[in-house]
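Data block below; observations after.
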Amino acid sequence: MNLLVYTVPDFAKEIKTAKDNVYILCDLGIIKTMSFGSRGKTISVYEAERFLKENAGRDFTKIVEDEKKRKKLIEESTNIVEMRERR
């Protein structure tokens, strides 16, 4: 039987990157996902092929780093607001 979808961790393993990097690309809409109940996000083989073809030779390091920084800033600012509200 041929594989029709990848889980995010499986796709990350296939392209030799961390699953967090793939989740970021999914959250940004660079990789389109589908959800099937409790399975979480899945990536069709067609979407995987599209992503790889359209982005061959491209380095996503900066995009992923910037998104990680942005998420960390949001998290820190949320923590600060929560601390102020507790006072």
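The values are calculated or read from the model by the stated rules, or taken from the named source; none is laboratory data. The structure presented is a predicted model; accordingly, all values stated were derived computationally and were not measured. With ideal geometry, Cβ positions are generated from the backbone for all residues, glycine too; neighbour counts draw on all protein chains shown. For accessibility, only protein heavy atoms count, side chains too; no ligands or nucleic acids. Shrake-Rupley method; radii C 1.70, N 1.55, O 1.52, S 1.80 Å.
Things to note:
- Members of the stretch 43-69 that are of a type in the set (Ser, Thr, Tyr) and over 15 Å from LEU28 (Cα atoms): SER44, TYR46
- Scanning the stretch 1-31 for residues that are open to solvent by 60 Å² or more (accessible area, probe 1.4 Å), without any contact (Cβ under 8 Å) to a residue 12 or more places away in the chain and among the hydrophobic types (A, V, I, L, M, F, W, C) yields a count of 1.
- When the stretch 32-53 is filtered for residues that are farther than 20 Å from LYS71 by Cβ and open to solvent by less than 40 Å² (accessible area, probe 1.4 Å), the ones remaining, listed by number, are THR42, ILE43, SER44, VAL45, GLU47, ALA48, PHE51.
- Scanning the stretch 35-76 for residues that are among the polar types (S, T, N, Q) and either within 14 Å of the chain's Cα centre (by Cα) or under 15 Å from ALA18 (Cα atoms) (or both) returns SER35, THR42, THR61.
- Scanning the stretch 59-82 turns up no residue that is open to solvent by 50 Å² or more (accessible area, probe 1.4 Å) and on the phi > 0 side of the Ramachandran plot.
- Pair list, Cβ < 9 Å and 6+ apart or interchain, from the stretch 38-66 residues that are over 18 Å from TYR6 (Cβ atoms) and touching a residue at least 24 places away in the same chain (Cβ under 8 Å) to residues that are open to solvent by less than 60 Å² (accessible area, probe 1.4 Å) and part of a helix (DSSP H, G or I): ILE63/ILE24; ILE63/LEU25; VAL64/ASN21; VAL64/ILE24; VAL64/LEU25
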